[in-house]
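The values are calculated or read from the model by the stated rules, or taken from the named source; none is laboratory data. Just so we're clear, the structure is a prediction, and the values are computed from it rather than from any experiment. Glycine also receives a Cβ, built like all others from the backbone with ideal geometry; neighbour counts cover every protein chain displayed. These accessible areas exclude ligands, DNA and RNA; they are computed on the full protein's heavy atoms, side chains included. Shrake-Rupley method; radii C 1.70, N 1.55, O 1.52, S 1.80 Å.
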Amino acid sequence: MLERLFQLQAHGTTVRKEVVAGITTFLTMAYIIVVNPSLLSSTGMDFGAVFVATCLAAVIGTLIMGLWANYPIALAPGMGLNAFFSFTVVGSMGYSWQVALGAVFLSGLLFFLLSIFKVREWIINSIPLSLRFGISAGIGFFLALIALKNAGIVVDHPATLVSLGDVKVPEALLFFAGFVLICALSFRQVTGSVMIGIIAITAAAMMLGMVEYQGIVSAPPSIAPTFMQLDLAGALNVGMISVVFAFLFVDLFDTSGTLVGAAQKGGLLDKDGKLPRLGRALMSDSVATMSGAALGTSTTTSYVESTAGIAAGGRTGLTAVVVALLFLACLLFSPIASVIPPYATAPALLYVACLMASGLKLIDWDDITDTAPAIVTALMMPLTFSIAHGIALGFIAYVAVKALAGRWSDLNWSVTVIAVVFVLKFMFLDLA
């Protein structure tokens, strides 16, 4: 049955290799089951319900990817967009988390339609590389600011906007210890370095009496507080256009980049250098996003950590199925997730931020017409506390700089139209 489903021999793999690869991928991304509920619960969402929704969204998306698309790619609620959901859409813009879930669902539906009508490649190819790198780095800076804020390292100040917090308190010291530990383990290529760091800091906090032990295994919490609570009518508000676009845009590029990168690493591209069954893979992601919104979590996307499993020998969807089963088993471990403090998950956020910021090295630093818009995009995300505003200002800067520099050949009509739409939004719509 496994051979018929996954064509193991044709891909030069075995059941044992696929199982080991699945375990490896899971260990590298398991941190999301504690980080995601921690972030989304700041909006007023029930922690236990989000924990269950996170696990189930990962199970659904990863199973579809494995059984239908037959790729060793795992999915789960994505980093960056969960922070945008919590701290910008709900925290800063003032929308309810139900409306934010509605926006996530709509972005998933649009993603699905783009995949069906095969216009996704046109969209991907029309966006300049410099802006893509700027967006990735900007999300990293956004996560870094949230991590430092959650750990109390960066605090508000009436004169300078931000300032250094009290770095002598135990929470700050544990944060630094966690970040150093994760980076060191990652450099040594220890599988599951992020999860090890989170658990180590939580254990240290327990020994210091800073958190209370509540057990290891229990029945899963109820998902009722978030299940089917999305507000689609509220998400159709004209002021949510940029939010839906941001969810869609980032998910589209995250997924496409992850799929191509993972396929290259695993030798899964065809003789023309293209990814077979790309449509199925992208639709797996979009269905997972819609399902996740219905369950009660932010955008679900393909995880670049899947490359760890591919490096361990994973070549088929059986790897993904193993990951999905492990996420399903995690439903029994909610007591562990519920006691992990913010200063234990903050190091993971900062570590992921460092990885995402590495995209800046790919910018053409000798061409200011490429460099400036990318930097504007990257800086505006943390400074405006909004991924959507960062994307908008980056597009506007790109078109304006290229046009005034006489680089008309670098512009295409789609990027120009998007920039004009963003200008009109800033002029005529309430930024909140």
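Selection over region 53-80 of residues that are under 18 Å from the mean Cα position of the chain (by Cα) and open to solvent by 10 Å² or more (accessible area, probe 1.4 Å) gives a count of 4.
The one condition from (1) touching a residue at least 40 places away in the same chain (Cβ under 8 Å); (2) over 30 Å from Gly209 (Cβ atoms) that Val352 does not meet is (2).
Against the condition touching a Phe, Trp or Tyr at 6+ places or on another chain (Cβ under 6 Å) and either crowded, with 24+ Cβ neighbours inside 10 Å or modelled with pLDDT under 95 (or both), how does Met29 come out, does it pass? Against the criterion (touching a Phe, Trp or Tyr at 6+ places or on another chain (Cβ under 6 Å) and either crowded, with 24+ Cβ neighbours inside 10 Å or modelled with pLDDT under 95 (or both)), Met29 qualifies. Only a single item in (1) at pLDDT 90 or above; (2) in a helix (DSSP H, G or I); (3) open to solvent by 20 Å² or more (accessible area, probe 1.4 Å); (4) over 30 Å from Ser42 (Cα atoms) is not met by Trp365, and it is number (2).
Just to be sure, is Leu282 modelled with pLDDT under 90, in contact with a Lys or Arg (Cβ under 7 Å, 6 or more places away or on another chain), farther than 25 Å from Ala205 by Cβ and among the aliphatic types (A, V, I, L, M)? Against the criterion (modelled with pLDDT under 90, in contact with a Lys or Arg (Cβ under 7 Å, 6 or more places away or on another chain), farther than 25 Å from Ala205 by Cβ and among the aliphatic types (A, V, I, L, M)), Leu282 qualifies.
Determine, yes or no, whether Lys265 is in a helix (DSSP H, G or I), open to solvent by 70 Å² or more (accessible area, probe 1.4 Å), of a type outside the set (S, T, N, Q) and under 30 Å from Pro128 (Cα atoms). Yes.
Give the residue that is farthest from Phe333 (Cα to Cα), with candidates limited to residues of region 201-219 that are in contact with a Ser or Thr (Cβ under 8 Å, 6 or more places away or on another chain) and at pLDDT 85 or above. Result: Val211.
So, in region 204-231, exactly how many residues are among the aliphatic types (A, V, I, L, M) and open to solvent by less than 70 Å² (accessible area, probe 1.4 Å)? The number of residues fulfilling the criteria is 8.
Here Pro382 fits the description: in contact with a helix residue (DSSP H, G or I) (Cβ under 6 Å, 6 or more places away or on another chain) and under 24 Å from Phe179 (Cβ atoms).
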